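Colleague: I have a structure here, written as structure tokens, and I will follow up with some questions on it.
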Amino acid sequence: MKNPVLDKLRAGGCVGAMWTTLGAPVVAELMVEEGADAIVFDMQHGLWTIPTLQAAIGVVREKAVPLIRTQDDSYFAIGAALDSGALGIIVPVVATAEQAARIVQAAKYPPIGKRSSGGIRSVIDAKAVVPKTNNAIFVAAMIETELGVANAAAIAAVPGIDMLFIGPFDLSLSLGTFPDFGPKHEAAMQMVKAAAHKAGKSCGLFTIGETMAADRRRQGFQMAVLAYDQDLIQTASKARLRRFADQPGKDLLTGAVALVTGCNRGIGPETVRALLKAGAKKIYVGARKLNGIKALVAQAPDKLVPVELDVTKPDQVAAAAKLAKDVTLLVNNGGVNFNTPLFAIESSDNARREMEVNYFGTLAMCRAFQPVLKANGGGAIVNMLSILSLVNLPLMGSLCASKAALWSLTQALRAELKAQGTHVMGVLPGAVDTDMTAGVNVPKVQPGVIADAIVQGLKSRADEIYPGDMAAGVAFGLGVDPKAVEREFANYLPAARV
Ligand code: 3PY
Ligand code: MG
């Protein structure tokens with residue numbers, strides 16, 4: 001009889017476990033679809049019943065080692081858990097060596113212990129299987145109280161205990177650090193690990209995801225939780241509802257006085273037209289070359305005011321802030337994209353220029369207009385980011401770095417300007433059909449779509465908008481599997497495709 005969990009532990013490895021409480025066999029099935037070291041069925045706090053547990057174990061046991069956190073430390077609870085086909089138990093709230101010894105007795109057949117033979121899976125071919133079972137059953141004692149920590153060395157020394165498994169949340173309650181963990185809690189966890197190692201046993205713990213699990217693995221913990229079904233559903237659902245909800249607040253569009261940068265081409269002119277349509281009473285149309293915006297300004301000469309504005313020129317930024325003292329809505333649309341990778345070109349000049357325009361230029365505008373917006377009641381700032389703020393497309397690696405910096409700036413801006421009532425919105429489109437993306441062969445949205453989305457986003461006072469399916473799809477992918485998106489984007493680099 002094989003138990004890959006014990007094999008991995010004996011080889012010094014770390015078991016990455018799925019943890020399930022919802023009591024739904026199909027959820028367990030989905031969690032280990034591609035295989036996993038182990039899947040833990042929580043009978044202490046979870047919704048599993050004997051029939052659902054048995055069904056789930058039948059479905060998953062070819063994909064992952066089934067383990068059960070038992071309902072309690074009783075002889076019958078442990079026996080029932082193992083009869084259901086689990087290859088190991090994690091027994092909650094173990095505090096003494098005597099308790100640990102009783103647990104081992106319940107988990108092992110005679111002559112080692114007193115486990116009773118029966119059940120469906122455990123007696124299929126009983127004659128052959130029962131004698132080999134004892135060595136294949138994994139037994140972990142959960143340490144999750146102050147007393148358990150004090151007795152950790154004695155518990156670990158009990159023959160048949162394979163692992164001390166820490167329950168950090170109960171431990172924080174017991175130590176009085178709840179709802180935080182803190183240094184006292186961490187010291188207790190490290191003591192438990194040291195006690196386990198001293199007895200030649202392993203130590204595991206409950207973790208809240210794969211990043212924490214990897215860090216604990218680095219520290220020598222040998223079992224950690226990568227995903228937890230309740231959290232996967234509950235946290236993600238709540239976050240989506242919150243992000244979809246409108247935020248209450250003042251109308252940012254009717255009677256607005258806007259300033260839009262980068263209006264020579266692309267999204268800028270469309271945004272000017274959309275804001276006019278949405279009720280803006282006046283718009284300063286910023287452009288590096290005034291000649292290029294003559295036709296646009298002529299469309300509504302009574303409302304549109306041309307402003308010569310290169311955001312990298314401090315005198316022009318200062319002059320704009322002095323001229324446009326009535327602004328309530330600043331749209332930082334101007335930007336530059338050289339469409340070049342970071343390393344396959346001769347110098348960092350493009351990277352520096354993109355940072356200069358996209359990041360420092362926007363920062364300069366925000367700084368210059370912060371007092372203006374404050375004086376006018378708060379208003380709003382819209383920053384033209386990109387979905388590439390969130391993941392690098394190495395084909396234009398330096399543009400992405402500048403947009404990532406701008407994303408971070410936008411978060412800081414939102415926090416700092418909250419007190420003065422300024423709403424800050426980031427716009428994260430995918431590829432837009434402008435001169436900037438002329439050489440890029442991917443599906444693109446029209447600039448007008450972005451402009452409409454900006455208006456809608458301001459109406460609902462969104463923090464971020466992701467106009468177009470490409471942006472929304474990438475944002476979704478980044479939420480669930482950022483590494484997969486990173487790898488996909490790396491593939492667009494010609495060299496990566498060979
Ligand atoms: C605890 O942290 O107390 C646990 O039991 C983890 O499931
Ligand atoms: Mg607990």
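Colleague: Using the per-residue mean of other Cβ atoms lying within 10 Å as a proxy for protection, in what order, highest first, do the peptides 86-94, 210-218 fall?
Modeller: With the highest mean Cβ count within 10 Å placed first, the list reads 86-94, 210-218.
Colleague: Could you check how many percent of all C-alpha pairs in the chain are farther apart than 44 Å?
Modeller: 38 percent
Colleague: Moving on to the next point. From the convex hull of the Cα coordinates of region 1-152, what is the mean projected area in square nanometres?
Modeller: For region 1-152, the mean projected area of the Cα convex hull comes to 8.7 nm².
Colleague: Aspartates and glutamates near LYS418 by alpha-carbon distance under 15 Å, same-chain residues fewer than 8 away left out - which ones?
Modeller: ASP463
Colleague: Can you list, largest first and rounded to whole Å, the semi-axes you get for region 290-431 by taking the square root of 5 times each eigenvalue of its Cα gyration tensor?
Modeller: In descending order the semi-axes read 27, 19, 13 Å.
Colleague: Taking the Cβ-Cβ separation of ASN135 and ASP469 as r and a Förster radius of 60 Å, what is the calculated FRET efficiency to the nearest 0.05?
Modeller: 0.65
Colleague: Between ILE124 and ILE208, what is the spin-label point distance in nm, taking each point 7 Å from the Cα along the Cα→C-beta axis?
Modeller: 3.9 nm
Colleague: Report the Rg/Rh value for region 54-136, based on alpha-carbon coordinates and the Kirkwood definition of Rh.
Modeller: With Rh from the inverse mean 1/r over Cα pairs, Rg/Rh is 0.96.
Colleague: Could you sort out which of LYS63/LYS403; LYS63/LYS127; LYS8/LYS108; LYS108/LYS193; LYS184/LYS483; LYS8/LYS238 sit more than 32 Å apart by Cα distance in this structure?
Modeller: Over 32 Å Cα-Cα: LYS63/LYS403; LYS184/LYS483; LYS8/LYS238.
Colleague: A further question on this structure: Excluding residues fewer than 8 places away in the same chain, name every one of the lysines whose C-alpha is closer than 19 Å to that of LYS282.
Modeller: Reachable lysines: LYS250, LYS294, LYS303, LYS322, LYS325, LYS374, LYS459.
Colleague: Taking only protein heavy atoms and a 1.4 Å probe, what accessible area per residue, in Å², does the chain have with all protein chains in place?
Modeller: Heavy-atom accessible area per residue stands at 47 Å².
Colleague: Follow-up question, since we're still on this one. Can you send over the carbon and sulfur percentage of the accessible area for region 234-296, probe radius 1.4 Å, protein chains only?
Modeller: 55 percent
Colleague: Additional query: At a 10 angstrom cut-off on C-beta neighbours, averaged per residue, how do the peptides 5-11, 175-181 rank from highest to lowest?
Modeller: Answer by packing, highest mean first, reads 5-11, 175-181.
Colleague: Sort out for me the Cα centre separation of region 1-74 from region 321-387, rounded to whole Å.
Modeller: Their Cα centres are 51 Å away from one another.
Colleague: So how far apart, in nm, are the two label points at ALA11 and PHE76 if each is 7 Å from Cα heading toward Cβ?
Modeller: For ALA11 paired with PHE76, the spin-label model returns 4.0 nm.
Colleague: Here's something else I'd like to know. Can you tell me which of 274-284, 256-266, 316-326 comes out highest on packing, and rank the rest after it, using the mean Cβ neighbours within 10 Å?
Modeller: Answer by packing, highest mean first, reads 256-266, 274-284, 316-326.
Colleague: Here is a further query. Over region 282-341, what is the relative contact order in whole percent, taking alpha-carbon pairs under 8 Å and six or more residues apart?
Modeller: Computed value for region 282-341: 29 percent relative contact order.
Colleague: Related question: In whole percent, what relative contact order does the chain give with Cα contacts below 8 Å and a gap of six or more residues?
Modeller: 10 percent
Colleague: Given the Cα-Cα distance of ARG243 and ALA154 and 0.36 nm per residue of separation, how much length would full extension add, in nm?
Modeller: 27.1 nm
Colleague: Arrange the residues PHE206, PHE41, PHE360, PHE244 by how much accessible surface each exposes, largest first, with a 1.4 angstrom probe.
Modeller: Greatest to least solvent exposure: PHE244, PHE360, PHE206, PHE41.
Colleague: Let me ask you something else. What percent of all Cα-Cα pairs in region 341-410 falls in each 10 Å bin, counting up from 0?
Modeller: 21, 43, 24, 10, 2
Colleague: Based only on Cα atoms, what Rg/Rh ratio does region 238-300 have, Rh being taken as Kirkwood's radius?
Modeller: In region 238-300, Rg relative to Rh is 1.14.
Colleague: To continue, here is another question. Compute the distance in nm between two label points, each set 7 Å from the Cα along the Cα-to-Cβ direction, one at HIS45 and one at GLU29.
Modeller: According to this spin-label approximation, the distance is 2.7 nm.
Colleague: Give me the angle, in degrees from 0 to 90, between the Cα long axis of helix 447-459 and the longest principal axis of the Cα atoms of the chain, rounded to the nearest 10.
Modeller: 70 degrees
Colleague: Given contacts defined as C-alpha pairs under 8 Å and at least six residues apart, what's the relative contact order of region 22-153, whole-number percent?
Modeller: Over region 22-153, the number comes to 22 percent.
Colleague: Also, quick follow-up: Over region 315-380, with a single point scatterer placed on each C-alpha, what log10 of the ratio I(q)/I(0) does the Debye formula yield at q = 0.12, 0.19, 0.27 1/Å?
Modeller: Evaluating at q = 0.12, 0.19, 0.27 Å⁻¹ gives log10 I(q)/I(0) of -0.40, -0.73, -1.13.
Colleague: Turning to a different aspect of this structure: Measuring from a point 7 Å past the Cα of SER116 along Cα-to-C-beta, which residues in region 67-86 have an amide N at less than 18 Å?
Modeller: Counting only backbone N, you get 71-86.
Colleague: Moving on. Cα to Cα, under 12 Å, and not fewer than 8 places away if on the same chain: which aspartates and glutamates meet these conditions relative to LYS289?
Modeller: GLU308, ASP310
Colleague: Please give the contour-minus-distance gain from ASP180 to VAL440: 0.36 nm per residue of separation, less the Cα-Cα distance, rounded to one decimal in nm.
Modeller: 88.7 nm is the gain from fully extending ASP180 to VAL440.
The values are calculated or read from the model by the stated rules, or taken from the named source; none is laboratory data. Note that the structure is predicted; figures quoted are calculated from it, not measured. Neighbour counts run over all protein chains shown; Cβ positions are idealised from the backbone, glycine included. In case anyone asks, the SASA skips ligands and DNA or RNA and just uses the protein heavy atoms, side chains included. Shrake-Rupley method; radii C 1.70, N 1.55, O 1.52, S 1.80 Å.
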